[in-house]
1. Looking at region 148-174, I want the residues that are without any contact (Cβ under 8 Å) to a residue 60 or more places away in the chain and have a partner that is in a helix (DSSP H, G or I) and not basic (Lys, Arg) with Cβ atoms under 8 Å, at least 6 apart or on another chain. Which pairs are those?
2. For Gly137, only one of the following conditions fails: (1) at pLDDT below 95; (2) touching a His at 6+ places or on another chain (Cβ under 8 Å). What is its number?
3. Name the single residue that is surrounded by the fewest Cβ atoms within 10 Å (Cβ to Cβ) among those in region 204-215 being within 23 Å of the chain's Cα centre (by Cα) and in a strand (DSSP E or B).
4. Between Arg210, Arg224, Arg253, which is of a type in the set (Lys, Arg) and either touching a residue at least 60 places away in the same chain (Cβ under 8 Å) or assigned by TED's automatic domain parsing to the domain that holds Trp123 (or both)?
5. Does any residue in region 193-207 that is without any contact (Cβ under 8 Å) to a residue 24 or more places away in the chain come within less than 6 Å, Cβ to Cβ, of a residue that is outside any loop (DSSP other than H, G, I, E, B) and among the aliphatic types (A, V, I, L, M) six or more places away or on a different chain, and which pairs are these?
6. When you scan region 94-123, how many residues do you find that are within 18 Å of Phe55 (Cα to Cα) and not hydroxyl-bearing (Ser, Thr, Tyr)?
7. Given the structure, is Val240 over 21 Å from the mean Cα position of the chain (by Cα) and either of a type in the set (Val, Ile, Thr) or at positive phi (or both)?
8. Take region 148-162 and flag every residue that is crowded, with 19+ Cβ neighbours inside 10 Å and either at positive phi or over 11 Å from the mean Cα position of the chain (by Cα) (or both).
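The values are calculated or read from the model by the stated rules, or taken from the named source; none is laboratory data. Bear in mind the structure is a predicted one, so any value in this text is a computation, not a measurement. Ideal geometry is used to build each Cβ from the backbone, glycine not excepted, and the neighbour counts take in all protein chains shown.
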Amino acid sequence: MPATLLQTHRVEKPWGRHDLWPGFADAAPADQPVGEVWYKAPGDDTPDLLVKYLFTGEKLSIQVHPDDEQAHARGLPRGKDECWTILAAEPGATIALGTKGHPDKATLAQAARDGTIEALLDWRAVKAGDFLYCPSGTIHAIGGGLTLIEVQQNSETTYRLFDYGSDRELHLDDGMAVAKAEPYHPIAAPRPAGAGRQIKVEGPKFVLERWAGGEHQVVLEEGRTGWLVVIKGAGEVAGVAFGAGECVTVTGRETVRSGDDADLLFAYPGTQRMTV
């Protein structure tokens, strides 16, 4: 199929929220808070990418992910680079990326045990419209009060270093083995890619573009799939209609058409852009 409207999977999380985002029904007050909404392709449990919304009411754990080589050594299919497009942020909302300096691993491990690791991280204020790329090995934590879209390599291998006193399992040995105790170095700044298009990231694991409404051409090589994430507005591709809160996978050569008010993300694995 050249285009497929994906199913959504709501994930309850203790750090989630009841108020979500246009395109998603709020969680009922009596229900558990929703932290994530995943997009899943019917019959395909192992795509290269995973795309999801996050709704944070509290801080997520301080964590780190392995890279591809480290994951392969454990018999896992891939590591986890990820990125975040911030849609909404409460005043004072923050994300931690990297450490303030270069603490040695012994210091970092002890700080994870006694809870002082929070003070070693570089917490930065974020706002709607910000974009952050988090390579594997980067120690990080997403703060509360955020609505964001996460595009990542399809891996849920997460090593928790600190979880604010909760009873969830920590993974200090595994985490310290892959963590880079160093300041965060952002990738190249986003750049324009033609009318109404901006490249947010171009490799090494995937490409992510943000599109305004209008007409956009997709040219994907055989075997490669693109993920069209609809932030707002509506449109169609290959006869499949889409609206806010939905996600459509696209293959081959297709034209994406949307209204002037649309706001879209388009992601696909690889290192070079494949839209015109």
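1. Every condition considered, the pairs that remain are Leu170/Ala112.
2. All conditions are met except number (1).
3. Within region 204-215, the subset within 23 Å of the chain's Cα centre (by Cα) is 204-213.
After this cut, where a residue has to be in a strand (DSSP E or B) as well, the list is 206-213.
Details: Phe206: 21, Val207: 21, Leu208: 25, Glu209: 23, Arg210: 20, Trp211: 23, Ala212: 16, Gly213: 18.
Of everything passing the filter in region 204-215, Ala212 is surrounded by the fewest Cβ atoms within 10 Å (Cβ to Cβ).
4. Details: Arg224 fails: either touching a residue at least 60 places away in the same chain (Cβ under 8 Å) or assigned by TED's automatic domain parsing to the domain that holds Trp123 (or both); Arg253 fails: either touching a residue at least 60 places away in the same chain (Cβ under 8 Å) or assigned by TED's automatic domain parsing to the domain that holds Trp123 (or both).
Within the list Arg210, Arg224, Arg253, the selection yields Arg210.
5. Gly196/Ala212
6. Filtering region 94-123 for residues within 18 Å of Phe55 (Cα to Cα) gives 94-96.
Filter once more, so that each one left must be not hydroxyl-bearing (Ser, Thr, Tyr): 95-96.
Final tally of qualifying residues: 2.
7. Values: over 21 Å from the mean Cα position of the chain (by Cα): yes; either of a type in the set (Val, Ile, Thr) or at positive phi (or both): yes.
The answer is yes for Val240.
8. Restricting attention to region 148-162, the residues satisfying the condition of being crowded, with 19+ Cβ neighbours inside 10 Å are 148-149, 151-153, 155, 157, 159-162.
Residues satisfying the conditions are Ser155, Thr157, Tyr159, Arg160, Leu161, Phe162.
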